[in-house]
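Read through the structure below, which is laid out as structure tokens, and then see the notes.
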Amino acid sequence: MKLFVISIGEKTTLAKNLQKHLPNCSVISQDDFFKPESEIETDENGFLQYDVLEALNMEEMMSAISCWMENPTYSPVSTHEESIKEIPILIIEGFLLFHYKPLDTVWNRSYFLTIPYEECKRRRSTRVYKPPDAPGYFDGHVWPMYLKHKKEMENVSWEIVYLDGTKSEEDLFSQVYEDVIQELAKQKG
């Protein structure tokens, strides 16, 4: 069974585009597993700590993944060769996937979108969050946590394909889509 992971910057858009074009594909989003705001810790600067594993109900997410693995559900796409249609695909997208040890043995392919500071800050400023970002939240919390998590990924025991998050959505989609199709063909082969 194939499991594909997309993480960081434009991850949701990429995951949804892949789901539309890959046969037998489902998506689980880490964003769906945030704990209520009342359970989110704050740091010494008063910033809510959403960029840590403790802000997420990871056990609930693992349960959803396990349920899918036991009984894959998907929306079929009819534009692909029969030879890869029957392989169920699960894309798990999120920003802290590579830091949760129980997921280490689940991946078949992992992707991480990198993005420079200015572009990340610009994109973040265009999004609406509930609760909204406090002044200084990006520089005081979001960016330092991104750098911390990216650095920690150097110690994972499997291959992560790093993608340039400044590329167009179409270029990112094409790169990952072609890679996934090749991996599916190898598995089927």
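Worth a mention:
- Positive-end extreme of charge dipole, the chain - chosen from Leu184, Pro116, Tyr129 (charges on Cβ): Leu184
- Applying 0.36 nm per residue to the separation of Lys20 and Tyr129 and subtracting their alpha-carbon distance, the gain on full extension is 36.7 nm.
- The HN-Hα couplings worked out from phi for the range 128-136 by the Karplus form 6.51 cos²θ - 1.76 cosθ + 1.60 (θ = phi - 60°) are 10, 10, 10, x, x, 4, 6, x, x Hz, whole numbers, x standing for Gly and Pro.
- Within the accessible area of the range 2-187, the carbon and sulfur atoms contribute 50%, probe 1.4 Å, all protein chains present.
- Compared with the dominant principal axis of the Cα atoms in the chain, helix 169-188 is inclined by about 50°.
- Between Asp32 and Thr105, full extension at 0.36 nm per residue minus the direct alpha carbon distance yields a gain of 24.1 nm.
- Heavy atoms of the protein chains alone define the surface here; on that basis the chain has 53 Å² accessible area per residue at 1.4 Å probe size.
- Put simply, the amide H of Ile89, placed in the peptide plane, has neighbours under 5 Å in Cys25, Ser26, leaving out anything fewer than 5 places away on its chain.
- Value of relative contact order over the chain, rounded to a whole percent, pairs C-alpha under 8 Å and six or more apart: 34 percent
- Sequence-distant residues sharing a close amide H with Phe34 (under 5 Å, placed H): Asn57
- Pair Thr13, Leu53: separation of 7 Å Cα→Cβ label points (nm): 3.0 nm
- Expressed to the nearest 5 percent, the antiparallel share of DSSP beta bridges inside the range 2-187 is 15 percent.
- Assigned charges on the beta-carbon of Lys, Arg, Asp, Glu; the range 2-187 dipole about Cα centre (debye): 280 debye
- Under the Karplus curve 6.51 cos²θ - 1.76 cosθ + 1.60, θ = phi - 60°, whole-Hz ³J(HN,Hα) for the range 109-125, x wherever Gly or Pro sits: 8, 10, 10, 9, 8, 9, 8, x, 3, 4, 5, 4, 5, 4, 5, 4, 5
- Rounded to whole Hz, the Karplus (6.51, -1.76, 1.60) HN-Hα couplings of the range 145-150, x for glycine and proline: 5, 4, 5, 4, 5, 5
- Highest average first, the peptides 123-136, 97-110 ordered by how many other beta carbon atoms sit within 10 Å of their residues are 97-110, 123-136.
- The angle separating the long axis of helix 58-70 from the principal Cα axis of greatest extent in the chain is about 10 degrees.
- Descending principal axes extents, the chain, alpha-carbon based, whole Å: 55, 34, 31
- With at most 12 neighbouring Cβ atoms within 10 Å, loop GluC sites (Glu not before Pro) (DSSP) excluded, longest segment of the chain: 87-158
The values are calculated or read from the model by the stated rules, or taken from the named source; none is laboratory data. All of these numbers come straight from a predicted model, not from anything done at the bench. Using ideal geometry, Cβ is built from the backbone for each residue, glycine included, and neighbour counts are taken over all protein chains shown. Side chains included, ligands, DNA and RNA excluded: accessible areas come from the protein's heavy atoms. Shrake-Rupley method; radii C 1.70, N 1.55, O 1.52, S 1.80 Å.
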